[in-house]
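S.K.: First, the structure itself, so that you have it in front of you.
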Amino acid sequence: MNRRTLLASAALGFALVSGGAAMAQDKTKACFVYVGTVTDGGWTQAHHTSVLKAQEKFGDAVEFQWQESVPEGADAERVMTQMALGGCDIIFATSFGYMDPVNAVAAKFPDVKFEHATGFKREHPNVGIYNARFYEGRAVQGLIAGKMTKTNKIGYIASFPIPEVIMGINSYFLNAKKVNPDVQINVVWAFTWFDPAKEADAAKALIDAGVDVIAAHTDSTAPLAEIAKTNGKVIGFGQASDMEAYKPSPRVSSIIDDWSPYYIKQIQAVIDGNWVSEDTWDGIKDGTVGIGEFTGLPEELVAEATALKEAIAAGTYHPFTGPINKQDGSPWLAEGATAPDGDLLGMNFYVEGVTGDIPQ
């Protein structure tokens, strides 16, 4: 399964873009592989913004390099190989579909540290994984969706049927249903991470089906652009980046990814010589999952959404708290029980009330 796959026509340039002036070879060199462009308005832009924060933090002590628009697969393996040969001490691969290339290249360069975003394979001691609990942000969006829908139909543009996406759908729906028992969800699978045309078509399909609140787990601003054409009849959310161009409406809030604390910590670990292979999954309390400004919402709903965000951060509320059944009605979580991380990381089922099948 490729993740964050660009349009087939995306060009691959093999020259690395330097983040600053050339520096001495003995200085730490941090390199980043991007699946999109740094101006994509979503996923890659959020990563690059975080890289720039890290660059500001370290100044001339660290050399930064990045490459945009690297397709997943063999191209990614070639780019990471070039980076390793070019003196990169740590390489951050920022897309799920880079998982196998990361492990393949890591085997050839045991002295280089590799960090892979959102994957699950650590086949070598020089590979680490980092992820974010996006489902926490989906819970806040679900609350807003359940309260704001007038048709009782909310929508979700899904990318690929992997656990990260499925848990987001379930969290969004469950937390909408808690405040609106009549709510129904319509899921459209776009089978892409970044394809503005397909994302816009998915949004249009949802709007045509009577949905009036849409969340998207894809990279571009195209869904919000399509939603904006409804002149206020439909609202949506920013994804990965704030997508502030669509404030105050139709974008009423957002999930903002801030990877900078992690990048700073791991680069510092390389400098200090104490980097270790680990699997990190941070969320709202860590600042990795940010909730964007609430706009165009009633004051009482802003207060509720803020309280939910704070409860998640404090650990007093878990978005997956029982009783929860699976889609087929079989019990999953008992009253008061919360979902173990292992269940979430392997989630391959819809919860009760979500209609349709998960594509295979």
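The values are calculated or read from the model by the stated rules, or taken from the named source; none is laboratory data. Note that the structure is predicted; figures quoted are calculated from it, not measured. Methodologically, a virtual Cβ is constructed for each residue, glycine included, from the backbone with ideal geometry; neighbour enumeration extends over all protein chains shown. For accessibility, only protein heavy atoms count, side chains too; no ligands or nucleic acids. Shrake-Rupley method; radii C 1.70, N 1.55, O 1.52, S 1.80 Å.
S.K.: Given H placed on each backbone N at 1.01 Å, which residues far from ALA215 in sequence or on other chains put an amide H within less than 5 Å of it?
M.R.: HN-HN under 5 Å from ALA215: GLY155, TYR156, ILE157.
S.K.: Moving to a separate point now. Can you list residues from other chains, or at least 5 along the same chain, whose modelled amide H is less than 5 Å from the amide H of ARG251?
M.R.: Amide H neighbours of ARG251: GLY236.
S.K.: May I pose another question? Note down the accessible area of TRP281, probe 1.4 Å, to the nearest 10 Å².
M.R.: 40 Å²
S.K.: A follow-up question, please. Have a look at ASN103, ASN131, ASN231 and tell me which one the Gaussian network model of the chain (Cα, springs below 10 Å) gives the largest fluctuation.
M.R.: Largest GNM mean-square fluctuation: ASN231.
S.K.: Still on this structure, please answer the following. Could you give the DSSP H helices of the chain that reach 20 angstrom or more along their long axis (alpha carbon positions) and whose average Kyte-Doolittle hydropathy is no lower than -1.0?
M.R.: Working: long enough: 43-58 (23 Å, -0.84); 134-148 (21 Å, 0.19); 163-177 (21 Å, 0.33); 299-314 (22 Å, 0.53).
Counting only whole DSSP H runs, the qualifying helices are 43-58, 134-148, 163-177, 299-314.
S.K.: Over the residues of the stretch 128-243, compute the C-alpha Rg and express it relative to 2.2 N^0.38 Å. The partial results should precede the final answer.
M.R.: Numbers: Rg = 13.1 Å, N = 116, 2.2 N^0.38 = 13.4 Å.
Taking the Cα Rg and dividing by 2.2 N^0.38 Å, one obtains 0.97.
S.K.: Under 17 Å Cα-Cα from LYS108, which lysines qualify once same-chain neighbours fewer than 8 residues away are excluded?
M.R.: Leaving aside lysines fewer than 8 places away in the same chain, those within reach of LYS108 are LYS121.
S.K.: Going by a ≥ b ≥ c, the root eigenvalues of the Cα gyration tensor, does the stretch 208-360 fall in the rounded group (a/c under 1.5), the prolate group (a/b larger than b/c) or the oblate group? Display every interim value, and only then the final one.
M.R.: Values: a/c = 1.70, a/b = 1.14, b/c = 1.48.
Because a/c hits 1.5 or more and a/b fails to exceed b/c, the stretch 208-360 counts as oblate.
S.K.: What residue among GLU226, GLU335, GLU244 has the largest mean-square fluctuation in a Gaussian network model of the chain, using Cα springs under 10 Å?
M.R.: Evaluated over the chain, the most mobile residue of the options is GLU335.
S.K.: In nm, to one decimal, how far is the modelled label at ALA197 from the one at LYS229, with both set 7 Å along Cα→Cβ?
M.R.: Between ALA197 and LYS229, the simple spin-label model gives 1.5 nm.
S.K.: Is the chain best put as rounded, prolate or oblate by its Cα gyration tensor, with a ≥ b ≥ c the root eigenvalues, rounded for a/c under 1.5, and otherwise prolate when a/b is larger than b/c, oblate when not? Before the final figure, lay out each step's value.
M.R.: On the way: a/c = 1.83, a/b = 1.65, b/c = 1.11.
Cα axes put the chain in the prolate bin.
S.K.: What does the C-alpha gyration tensor say about the overall shape of the stretch 274-330? Classify as rounded when a/c is under 1.5, otherwise prolate if a/b is larger than b/c, or oblate. Please report the intermediate quantities before stating the final value.
M.R.: On the way: a/c = 2.53, a/b = 1.15, b/c = 2.19.
Here the stretch 274-330 falls in the oblate category.
S.K.: Go through the stretch 287-295 residue by residue and turn each phi into a ³J(HN,Hα) via Karplus (6.51, -1.76, 1.60, θ = phi - 60°); whole Hz please, and just put x for glycine and proline.
M.R.: Along the stretch 287-295, the couplings run x, 6, 9, x, 10, x, 3, 7, 9 Hz.
S.K.: I'd like the accessible area for ILE264: 1.4 Å probe, protein heavy atoms, all chains in place, Å² to the nearest 10.
M.R.: 40 Å²
S.K.: Lys and Arg at +1, Asp and Glu at -1: add these up for the other residues within a Cβ distance under 14 Å of GLY292 and post the number.
M.R.: Working: positive: ARG138, LYS247, ARG251, LYS309; negative: GLU136, ASP242, GLU244, ASP257, ASP258, GLU293.
Computed value for this residue: -2.
S.K.: Continuing with the same structure: Ignoring ligands and nucleic acids, what accessible area does LYS247 show with a 1.4 Å probe (Å², nearest 10)?
M.R.: Around 70 Å² of this residue is reachable by solvent.
S.K.: Summing +1 for each Lys or Arg and -1 for each Asp or Glu, what net charge is found among the other residues whose Cβ lies under 12 Å from the Cβ of THR28? All intermediate terms of the calculation are to be shown ahead of the outcome.
M.R.: Working: positive: LYS27, LYS29, LYS113; negative: ASP26, ASP60, GLU63, ASP89, ASP272.
Here the charged neighbours net out to -2.
S.K.: With 18 Å as the limit, write out which pairs from LYS29/LYS113; LYS198/LYS229; LYS178/LYS233; LYS178/LYS204 have Cα-Cα distances beyond it, or answer none. Each step should come with its number before you reach the end.
M.R.: Numbers: LYS29/LYS113 11 Å; LYS198/LYS229 16 Å; LYS178/LYS233 23 Å; LYS178/LYS204 27 Å.
Distance filter (> 18 Å) returns LYS178/LYS233; LYS178/LYS204.
S.K.: Ok, one more. Determine the order of GLU56, GLU123 by accessible area, beginning with the largest, at a probe radius of 1.4 Å. The partial results should precede the final answer.
M.R.: On the way: GLU56 155, GLU123 110 Å².
These residues rank, largest area first, as GLU56, GLU123.
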